[in-house]
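Undergrad: Here it is, the structure, as structure tokens.
Only the coordinates and a few stated rules stand behind these numbers; no lab work does. Everything numeric in this text was worked out from a predicted model, so none of it was measured. Cβ sites come from the backbone with ideal geometry, for glycine too, and all protein chains shown count toward neighbours.
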């Protein structure tokens with residue numbers, strides 16, 4: 001296998017691992033803790049209802065006094081009265097009476113109606129593949145030490161390896177009004193929106209990723225907006241209607257000083273408050289997902305990533321600095337929901353270009369990512385949705401190219417903790433990014449491994465060749481208990 | 001002239017009537033009802049009591065055991081001036097202390113030993129064990145003996161309350177309840193239901 005082939009194989013594995021690793025949110029440990037159904041917080045999991053979003057935003061705590069709602073036995077590690085004897089005694093806490101863990105699995109079957117599409121071409125022309133039917137297993141943990149400190153963790157096990165996806169300590173209600181100032185420490189998603197990262201019915205995440213450094217063949221582990229990083233985040237909800245997050249993390253700068261930071265502001269009009277206070281459930285118990293509301297989000301993200309510079313003879317590390325600004329809106333009208341989002345990303349060292357002396361150097365690339373998802377909860381167990389997303393890349397001095405991905409699908413709940421999603425994947429590109437030699441490169445990124453950007457140029461394709469593919473019809477299944 | 005037998009019968013009737021009236025007066029009345037607690041898991045830590053009843057009450061002695069690493073009972077209702085004997089029937093050392101009100105620490109004591117404390121002030125005293133922080137009990141010390149812990153269904157009954165008007169209150173370790181004015185009549189039961197919540 002050539003070095004180039006080896007690289008793409010590794011990059012493929014890395015991206016597949018990323019995509020597989022992302023599904024998390026549905027955690028039956030909480031169902032056991034509160035003695036409540038998954039449907040209290042979810043529709044077709046991991047999509048959250050307004051109440052579930054408030055629970056997540058509150059640091060995995062019910063509005064009001066969280067412990068009032070806990071039905072599971074707890075073991076006291078001290079008593080409330082010990083607060084009076086502090087510092088002569090340890091500040092009291094408790095642990096769940098049984099291990100607060102849950103397990104789950106997911107995978108998908110892919111059908112390729114067109115054997116000449118990108119994915120079947122990469123897979124020996126196969127028309128059906130069960131390769132990913134058992135994609136991964138997950139182990140989740142979620143618990144409270146008291147009414148303010150909570151823990152959240154997720155480990156994944158796949159044939160390619162295991163990893164810690166999340167491990168966070170959430171210190172809630174630190175100062176000021178309830179929910180105003182919270183501190184999250186550990187490994188987790190940077191919150192760049194008011195909603196959970198997995199708030200899509202037919203994709204794995206709402207905000208698509210643009211792994212630009214991988215597209216240009218520079219990194220097997222590229223920076224992406226929606227990924228797990230080690231860091232700290234301050235988050236809060238003010239007056240029930242405004243949400244904020246800002247944080248710093250290590251990003252993709254392992255071994256280097258991190259300079260990654262981000263911030264988000266959100267505002268919700270109508271519907272349930274962002275912190276769920278004043279309500280112990282949905283306004284309409286028959287339609288707990290439904291409300292009339294509009295939520296606006298803005299965010300900025302500054303990131304660094306390091307990778308060997310292909311143009312440096314001694315393989316010095318190149319430092320690509322990216323800056324992203326974006327926004328999103330979620331409009332809900334009863335059972336209908338429309339999510340729209342956009343972000344603009346500038347990378348300073350990514351695309352191969354020639355400097356004044358004719359040497360190949362890494363130049364600037366601008367990425368523009370658009371996405372939208374329209375869904376309607378027909379029944380609590382059936383949600384059709386249409387999702388559209390695009391990535392545009394504009395290298396300095398080069399030609400801009402765009403790839404569109406259209407995903408019509410239906411999400412089904414077979415049981416509250418067993419789901420099936422059927423989704424079609426259509427892709428249309430007006431060209432391809434190019435490498436240092438001017439050869440077209442494949443597209444990468446998106447929002448789900450069962451429906452990501454996979455468009456690869458045909459052997460005869462030129463960088464400006466337009467190409468459309470019905471990539472696949474995927475049937476994704478997942479369970480959790 | 002009255003028949004002697006009828007006279008005896010009349011006297012007997014009057015005597016029985018007087019005795020019954022006297023007994024009713026001594027018994028006083030009863031306040032009973034149900035407490036609805038939300039969330040219900042905090043029900044067992046609920047006491048209904050009269051806030052102030054004039055009188056002096058004979059001190060009594062009660063016992064709380066420490067058994068299987070638990071205080072038994074979990075909640076005890078006593079009257080100020082009463083003494084509680086804390087026993088240890090575990091084969092491990094226990095300690096009893098309370099940070100509430102005047103606070104006290106009875107030290108550590110071994111199996112089959114005990115320590116006593118006399119509660120001279122009304123209030124609620126959390127009972128803790130410094131050796132086993134998970135152990136918890138409450139001693140509710142009333143100003144008067146007219147107090148009752150609720151049963152598992154939330155029912156309570158305060159008996160032998162002297163006739164009169166009082167403030168009925170409810171204590172819960174986590175929640176708040178209302179106060180109500182009640183008037184007690186000898187030999188009768190007043191029903192008062194209470195709602196306790198956050």
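Undergrad: Please arrange B:49, A:343 by how many other C-beta atoms lie within 10 Å of their C-beta, fewest to most.
TA: With the fewest neighbours first, B:49, A:343 line up as A:343, B:49.
Undergrad: Moving to a separate point now. To the nearest Å, what is the center-to-center distance of segment A:336-364 and segment A:39-97, using C-alpha atoms only?
TA: That distance is 44 Å.
Undergrad: Just rank A:339, A:132, fewest to most, by other beta-carbon atoms within 10 angstrom.
TA: Ascending number of Cβ neighbours within 10 Å: A:132, A:339.
Undergrad: Moving on. Taking Cα atoms, how many degrees apart are the long axis of helix B:4-27 and the longest axis of chain B, rounded to 10 and kept between 0 and 90?
TA: Helix B:4-27 sits at roughly 30 degrees to that axis.
Undergrad: Given a 10 angstrom Cα cut-off, can you work out which residue in B:111, B:66, B:127 is the most mobile in a GNM of chain B?
TA: In this elastic network of chain B, the residue with the biggest mean-square fluctuation among B:111, B:66, B:127 is B:111.
Undergrad: With a 10 Å Cβ neighbour count serving as the proxy for reagent exposure, in which order, fewest first, do A:393, A:354, A:109 appear?
TA: Listing A:393, A:354, A:109 from fewest to most nearby Cβ atoms yields A:354, A:109, A:393.
Undergrad: Using the 2.2 N^0.38 Å rule of thumb for compact globular proteins, work out how chain A stacks up: its C-alpha Rg over that value, please.
TA: Rg over 2.2 N^0.38 Å, computed on Cα atoms: 0.99.
Undergrad: Continuing with this model, one more query. Inside 10 Å of the C-beta atoms of B:100-107, what's the mean count of C-beta atoms belonging to other chains?
TA: 1
Undergrad: Against the longest principal axis of chain A, how steep is helix A:3-21, in degrees 0 to 90 to the nearest 10, with axes from Cα atoms?
TA: Between helix and principal axis, roughly 20 degrees.
Undergrad: Pulled fully out, how much extra length does the chain show between residue A:464 and residue A:115, if you take 0.36 nm times their separation in residues and subtract their Cα-Cα distance?
TA: Gain on extension, residue A:464 to residue A:115, equals 123.4 nm.
Undergrad: In the P(r) worked out for segment B:95-152, what percent of Cα pairs fall beyond 17 Å?
TA: 45 percent
Undergrad: Mind putting together the pair-distance distribution for segment A:250-395? All Cα pairs, 10 Å bins, whole percent per bin, short to long.
TA: It works out to 10, 26, 25, 18, 13, 6, 1, in whole percents.
Undergrad: Can you give me the three principal axis dimensions of segment B:31-137 from its C-alpha atoms, in Å, biggest first?
TA: Cα spread of segment B:31-137 along its principal axes, largest to smallest: 42, 36, 21 Å.
Undergrad: Simple spin-label model, 7 Å along Cα-to-Cβ: residue A:254 to residue A:73 in nm?
TA: If labels sit at residue A:254 and residue A:73, their model points lie 4.2 nm apart.
Undergrad: Then there is this: May I ask you to derive the relative contact order of segment B:29-196, considering only C-alpha pairs under 8 Å and at least 6 residues apart, and to give it as an integer percent?
TA: Across segment B:29-196, relative contact order equals 36 percent.
Undergrad: When all alpha-carbon pairs of segment A:180-258 are counted, what percent fall beyond 20 Å?
TA: The proportion of pairs with Cα distances above 20 Å equals 43 percent.
Undergrad: Still on this structure, I have one more. Largest first and in whole Å, give the semi-axes of segment A:332-445's equivalent ellipsoid, each being the square root of 5 times a Cα gyration tensor eigenvalue.
TA: Equivalent-ellipsoid dimensions as semi-axes: 39, 14, 11 Å.
Undergrad: Let me ask something else about it. Per residue, how big is the convex hull of segment A:145-198 when only Cα atoms are used? Give it in Å³.
TA: Spread over its residues, the Cα hull of segment A:145-198 gives 99 Å³ apiece.
Undergrad: Mind checking Rg over Rh on segment A:61-170, alpha carbons, Kirkwood formula for Rh?
TA: Taking Rh as the inverse mean 1/r over Cα pairs, Rg/Rh reads 1.27.
Undergrad: A further question follows. May I ask for log10 I(q)/I(0) of chain B at q = 0.08, 0.13 Å⁻¹, from a Debye sum over the Cα atoms as equal point scatterers with solvent left out?
TA: Each listed q maps to, in turn, -0.36, -0.76.
Undergrad: How many Cβ atoms of partner chains, on average, are near each residue of B:31-43 if near means within 10 Å of its Cβ?
TA: Mean shielding by partner chains, rounded to a whole number: 1.
Undergrad: Please say if segment B:82-198 is rounded, prolate or oblate, where rounded means a/c under 1.5 for a ≥ b ≥ c the square roots of the C-alpha gyration tensor eigenvalues, and otherwise the choice is prolate for a/b larger than b/c and oblate otherwise?
TA: Note, shape of segment B:82-198 comes out prolate.
Undergrad: Summarise the partner chain shielding of A:76-85 as one whole number: the mean count of Cβ atoms from other chains within 10 Å of each residue's Cβ.
TA: So the per-residue partner count for this stretch is 6.
Undergrad: Rounded to the nearest 0.05, what FRET efficiency do residue B:155 and residue B:181 give with R0 = 30 Å and r taken as the Cβ-Cβ distance? Could you check?
TA: In this case the efficiency is close to 0.90.
Undergrad: Share of Cα-Cα pairs in segment A:113-208 beyond 15 Å, in percent?
TA: 75 percent
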